[in-house]
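**Student:** Dumping the structure here so I can ask a few things about it.
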Amino acid sequence: MLGALQGLRSVIDDRLHRDLGVRYDRHSAASGGTDKLTVTFVLRAATDADAIRSAGLAAATLAELLTDSGAAVDLSGVALVVRAQ
């Protein structure tokens, strides 16, 4: 799945820039084991609520793009973690 995600890197960036505008900075992905993937989005938000909203939109966009690409992905164990920096 990491390969599918890497192949969609520019598509993901373009879509998140379009959907989130200046709130989207970048994303990175790493394998978290044989059947796990960790994707980190760097987002900017004015409030906690906006941070959660933006993170949810970014995760949903990623799920949509992976599904549309035909990647074999199981989204039943998705976890969303939002951290302020």
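Per-residue answers, yes or no, for (1) buried (at least 16 other Cβ atoms within 10 Å of the Cβ); (2) without any contact (Cβ under 8 Å) to a residue 60 or more places away in the chain; (3) part of a helix (DSSP H, G or I); (4) not hydrophobic (A, V, I, L, M, F, W, C):
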position: 14; (1), (2), (3), (4): no, yes, yes, yes
position: 18; (1), (2), (3), (4): no, yes, yes, yes
position: 61; (1), (2), (3), (4): yes, yes, yes, yes
position: 82; (1), (2), (3), (4): no, yes, no, no
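**Student:** Provide a single number: the residues in segment 1-50 that are of a type in the set (S, T, N, Q) and in contact with a strand residue (DSSP E or B) (Cβ under 6 Å, 6 or more places away or on another chain).
**Tutor:** Number of matching residues: 3.
**Student:** Mind checking which residues of segment 20-41 are closer than 23 Å to residue 72 by Cβ and either in contact with a Pro (Cβ under 6 Å, 6 or more places away or on another chain) or surrounded by 14 or more Cβ atoms within 10 Å (Cβ to Cβ) (or both)?
**Tutor:** Answer for segment 20-41, where residues must be closer than 23 Å to residue 72 by Cβ and either in contact with a Pro (Cβ under 6 Å, 6 or more places away or on another chain) or surrounded by 14 or more Cβ atoms within 10 Å (Cβ to Cβ) (or both): 27, 29, 37, 39, 41.
**Student:** Scan segment 34-42 and give yes if some residue there is in a helix (DSSP H, G or I) and at pLDDT 85 or above, otherwise no.
**Tutor:** For segment 34-42, residues in a helix (DSSP H, G or I) and at pLDDT 85 or above: absent.
**Student:** Right, another one. For segment 36-48, give me each residue that is over 13 Å from residue 81 (Cα atoms) and either touching a residue at least 60 places away in the same chain (Cβ under 8 Å) or not β-branched (Val, Ile, Thr) (or both).
**Tutor:** 36, 37, 44, 45, 46
**Student:** Condition first: surrounded by 10 or more Cβ atoms within 10 Å (Cβ to Cβ) and among the small types (Gly, Ala, Ser). Now tell me which residues in segment 63-80 satisfy that.
**Tutor:** Passing the criteria: 63, 69, 71.
**Student:** Something else: Which residues, counting only those in segment 42-59, are open to solvent by 80 Å² or more (accessible area, probe 1.4 Å) and touching a Phe, Trp or Tyr at 6+ places or on another chain (Cβ under 9 Å)?
**Tutor:** Residue satisfying the conditions is 44 alone.
The values are calculated or read from the model by the stated rules, or taken from the named source; none is laboratory data. Keep in mind the model is a prediction, meaning the values are calculated, not measured. Cβ atoms come from the backbone with ideal geometry, glycine included; neighbour counts cover every protein chain shown. In case anyone asks, the SASA skips ligands and DNA or RNA and just uses the protein heavy atoms, side chains included. Shrake-Rupley method; radii C 1.70, N 1.55, O 1.52, S 1.80 Å.
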